[in-house]
Amino acid sequence: MEQINILILEDSDSDYKDIHLTSIESFNKTNNSNKVRVTDHRARTVEDAGKLLNSEISFHSAIVDLKLNQERTADEGKGNELVGLILDKYRIPIFVYSKNTTLLDPKFEDRRGVFFNTYNKGNKNFVDILNEIKNINNTGIVEILGKRGHIENVLDKIFWRHISTSLGNWFDVTKDKNEKMLLRHVSEYILQYLGFDESTGEYEQFHQAEFYSIPPVLDKLSTGDILLKNGSEEHFVVLTPSCDLAHAGKTKVVLIVKIIPNSNGLILTLISSIKKLKSQQEIPDKKKEYDKVKADLSNLICNNYSPKYYYLPSTKEIVGGLINFQEITTVKKDLIDSSISEYKRIASISSSFIKDIVAKFSNYYSRQGAPDLNKEDILAKLLD
C-alpha cells in the first residue's frame, strides 16, 4: 500500500472533522483497490506544523488554512508563515484551502502553479484536492526531490564514493570560488548517476520533456534557445556557437534554423503514407512498403534518416518537428528579446541534446565530398 502523507494546518475542529477527515475516509475507500492511502498529520498552529515538517515524516503535500483563531487582527493571514516556510525550505506541493483566500500574501502570487494552488473551502471539494495530490505523486517528482528522495540518495553516494576521497584537490581554492566549482562538479556526477540504471546495467531512455528547459535558464541568448516569432506560430533554433554569444558586442547577427512542425513537410508525408498503407498490409508489396515507410519515420525520430535533418520532440509547451540544416537563415541579434523584439525566447534545448545538434550541424557543413569513380569499369576489372 502506497502511503501519501499530508500536513494539514487547520485550527477549526469542526472543519477538520467534517471536511478533511470525511474526505480522506472517502478517498481511501475509493482508492483502496489502487493501493493508495492518504495519512493526515494535523497541526493547529504554524509552530506545530514546522515541527512536523522537521520530523522524520516524508510529506507529500501541505494543506494550509490562512486565517487561524489565534490571530487578533482580521487582515492578517497567519497561514502565510507556513507557506513561506515551505517555499523557502521544503519541496512539497502546497494547497491553500481556506475561507479567507484573499489573505494570501501578494508576494506568493507569482509562485502559483501545479505545486502551489489556492482554493476556497466553499467552492472546492477537498476530495478533488486529494486527487490532485495523488496525480502529482504519481509523477514521482516528490519522491525524487523530497526530504529523502532519490536526489538525496544520489547525493549520499556522490559524497562518500567520490567527494570524500578527492576533496583534497579543492583545498587550494578560496571558499567563495569553491562553492560554484563544487556545485558544477557534483552536478556532473548527478547527471551520470541519473543517466544510468545500476540495477540493470543499462543507460536510461530520456523522456521528451527532458529535451527542453522552459523557460530558458540563462538570461542571455544562448546556443539551443528556441525562439517564437512574434505574431506567428513559427519557431526557430539558435545555432550560433556559444563562444560567439558569450561576449557582448561580438555577435550582431544570429544563425537560426526554422522548426518544421509535424503537421507539415516530410513528417506529415511519412505519417500519411503509414496510415494509408496500414489497411493494405495483406498485399505483399504494400506490406513491404509499409514496413519501409515506418522504418523511415523511426529513423527520422532517432536522427538516423539523413545528415541534414534533426528531429525535436513535441511537449505540451513546445511544438516539435524537424530542423533542416539546408534551411538556415540569419537575424539581427537586436531583434531578439529587446525593446524592438521580433523574436521571443521561450525555451532552450538541454545541454545533453544541443551538443549533438551542433555536432551534426557542423559535420553536415564540413563534408568535403569527392568525384564519382567509374564503378562499372572498376567492377568489370575486378570480376575479370
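The values are calculated or read from the model by the stated rules, or taken from the named source; none is laboratory data. This structure is a prediction, so every number in the text was calculated from the model and none was measured. Every residue, glycine among them, receives a Cβ derived from its backbone with ideal geometry; neighbour counts consider all protein chains shown.
The rows are residues; the columns are (1) surrounded by fewer than 16 Cβ atoms within 10 Å (Cβ to Cβ); (2) on the phi > 0 side of the Ramachandran plot; (3) not polar (S, T, N, Q).
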| site | (1), (2), (3) |
| --- | --- |
| Glu327 | yes, no, yes |
| Val331 | no, no, yes |
| Tyr343 | no, no, yes |
| Ile349 | no, no, yes |
| Asp356 | yes, no, yes |
| Phe361 | no, no, yes |
| Gly369 | yes, yes, yes |
| Asn374 | yes, no, no |
| Leu382 | yes, no, yes |
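If you check Thr200, Thr251, Thr223, Thr174, which single one turns out to be in contact with a Leu (Cβ under 9 Å, 6 or more places away or on another chain) and at pLDDT below 90?
Details: Thr200 fails: in contact with a Leu (Cβ under 9 Å, 6 or more places away or on another chain); Thr223 fails: at pLDDT below 90; Thr174 fails: in contact with a Leu (Cβ under 9 Å, 6 or more places away or on another chain).
The conditions single out Thr251.
Which numbered condition trips up Thr251, out of (1) outside any strand (DSSP E or B); (2) closer than 17 Å to Leu312 by Cβ?
(2)
One residue is enough: does region 293-300 have a residue meeting the conditions over 30 Å from Lys333 (Cα atoms) and among the β-branched types (Val, Ile, Thr)? Walk me through how you get there before you give the answer.
Restricting attention to region 293-300, the residues satisfying the condition of being over 30 Å from Lys333 (Cα atoms) are 293-300.
Then keep just the ones that are among the β-branched types (Val, Ile, Thr); that gives 293.
Yes, because at least one residue in region 293-300 is over 30 Å from Lys333 (Cα atoms) and among the β-branched types (Val, Ile, Thr).
If you scan region 222-253, which residues turn out to be among the polar types (S, T, N, Q) and farther than 12 Å from Glu342 by Cα?
If the condition is that a residue be among the polar types (S, T, N, Q) and farther than 12 Å from Glu342 by Cα, then Ser222, Thr223, Thr240, Ser242, Thr251 are the ones that fit.
Given the options Glu210, Glu179, Glu233, name the one that is outside any strand (DSSP E or B) and closer than 18 Å to Ser352 by Cα.
Glu210
Condition test on Lys258, is it in the same structural domain as Ile318 (by TED's automatic domain parsing), charged (D, E, K, R) and surrounded by 12 or more Cβ atoms within 10 Å (Cβ to Cβ)? I'd like the intermediate steps shown before the answer.
Numbers: in the same structural domain as Ile318 (by TED's automatic domain parsing): yes; charged (D, E, K, R): yes; surrounded by 12 or more Cβ atoms within 10 Å (Cβ to Cβ): yes.
Against the criterion (in the same structural domain as Ile318 (by TED's automatic domain parsing), charged (D, E, K, R) and surrounded by 12 or more Cβ atoms within 10 Å (Cβ to Cβ)), Lys258 qualifies.
Considering only strands (runs of 3 or more DSSP E) fully contained in region 257-351, which possess at least 2 residues that are in contact (Cβ under 8 Å) with a residue 24 or more places away in the chain and among the basic types (Lys, Arg)?
It comes to 343-349.
For Asp172, only one of the following conditions fails: (1) free of Cβ contacts under 8 Å to residues at least 24 places away in the same chain; (2) surrounded by 13 or more Cβ atoms within 10 Å (Cβ to Cβ). What is its number?
Result: Asp172 passes all but (2).
Return a yes/no flag: does region 95-112 have any residue that is free of Cβ contacts under 8 Å to residues at least 24 places away in the same chain and closer than 21 Å to Asp13 by Cα.
Let us first name the residues in region 95-112 that are free of Cβ contacts under 8 Å to residues at least 24 places away in the same chain, namely 102, 106-107, 109-110, 112.
Applying the additional criterion that residues be closer than 21 Å to Asp13 by Cα yields none.
Among the residues of region 95-112, not one is free of Cβ contacts under 8 Å to residues at least 24 places away in the same chain and closer than 21 Å to Asp13 by Cα, which makes the answer no.
Every residue in region 130-157 that is of a type in the set (A, V, I, L, M) and within 23 Å of the chain's Cα centre (by Cα), please.
Ile133, Ile136, Ile141, Val142, Ile144, Leu145, Ile151, Val154, Leu155
Step by step: first the residues of region 326-384, then only those that are under 30 Å from His207 (Cβ atoms) and among the small types (Gly, Ala, Ser), then the one that is farthest from the chain's Cα centre (by Cα). Which residue is that?
Looking at the filtered set, the residue picked out is Ser362.
Could you list, in sequence order, the residues of region 212-262 that are over 14 Å from Thr330 (Cβ atoms) and among the polar types (S, T, N, Q)?
Passing the criteria: Ser213, Ser222, Thr223, Asn230, Ser232, Ser242, Asn262.
Counting only residues that are assigned to a helix (DSSP H, G or I) and without any contact (Cβ under 8 Å) to a residue 24 or more places away in the chain, how many does region 113-132 have?
1
Give just the number: which of (1) surrounded by 12 or more Cβ atoms within 10 Å (Cβ to Cβ); (2) touching a residue at least 24 places away in the same chain (Cβ under 8 Å); (3) within 19 Å of the chain's Cα centre (by Cα) does Phe196 not satisfy?
All conditions pass for Phe196, except number (2).
Can you tell me which residue in region 8-21 is surrounded by the most Cβ atoms within 10 Å (Cβ to Cβ), limited to those that are touching a residue at least 60 places away in the same chain (Cβ under 8 Å) and of a type outside the set (Asp, Glu)?
To start, the set of residues in region 8-21 that are touching a residue at least 60 places away in the same chain (Cβ under 8 Å) comprises 9, 15, 19-20.
Subsequent filtering for residues that are of a type outside the set (Asp, Glu) retains 9, 19-20.
Working: Leu9: 27, Ile19: 19, His20: 23.
Once the filter is applied, the top-ranked residue is Leu9.
Has region 186-200 got at least one residue that is among the polar types (S, T, N, Q), touching a strand residue (DSSP E or B) at 6+ places or on another chain (Cβ under 9 Å) and closer than 30 Å to Leu255 by Cβ?
no
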